[in-house]
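What follows is a set of notes on a single structure, which appears directly below.
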Amino acid sequence: LSDHIMSKYKPFCLKTCTLLDKPSRRIIDFKADYVGFSIEDLFVIGYGIDCGQKFRQLPYIAYVEKSEEED
């Protein structure tokens, strides 16, 4: 993506930022310039992140524990 942006828009520089980084889920080799928190492979909710259109309004970020049925 950053190669595409650099070639199409030709910015002087491009920096990437993410609040939550899950390195274990990464499909391509990519490292953000600024990372708020590096987290394990957890399903997170709150602060705009939802689960089935629910929990997005939480004023904090939390993770959802898997039930025994999901294991």
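The values are calculated or read from the model by the stated rules, or taken from the named source; none is laboratory data. These numbers come from a predicted model, not from an experiment. As a convention, Cβ positions derive from the backbone with ideal geometry for all residues, glycine included, and neighbour counts pool all protein chains shown.
For the stretch 32-71, the candidate set comprises residues that are out of contact with any strand residue (DSSP E or B) (no Cβ under 6 Å at 6 or more places or on another chain) and not in a loop (DSSP other than H, G, I, E, B); within that set, the residue that is nearest to residue 1 (Cα to Cα) is 49.
For the residues 3, 29, the requirement of being assigned to a loop (DSSP other than H, G, I, E, B) and either among the hydroxyl-bearing types (Ser, Thr, Tyr) or modelled with pLDDT under 95 (or both) singles out 29. In the stretch 5-25, the residues that are without any contact (Cβ under 8 Å) to a residue 60 or more places away in the chain and at negative phi form Cβ pairs under 8 Å with partners that are in a helix (DSSP H, G or I) and surrounded by 10 or more Cβ atoms within 10 Å (Cβ to Cβ), at six or more places apart or across chains, as follows: 11/5; 14/2; 14/5; 14/6; 16/2. When residue 35 is tested against (1) at pLDDT below 95; (2) farther than 23 Å from residue 66 by Cα, only condition (1) is not met.
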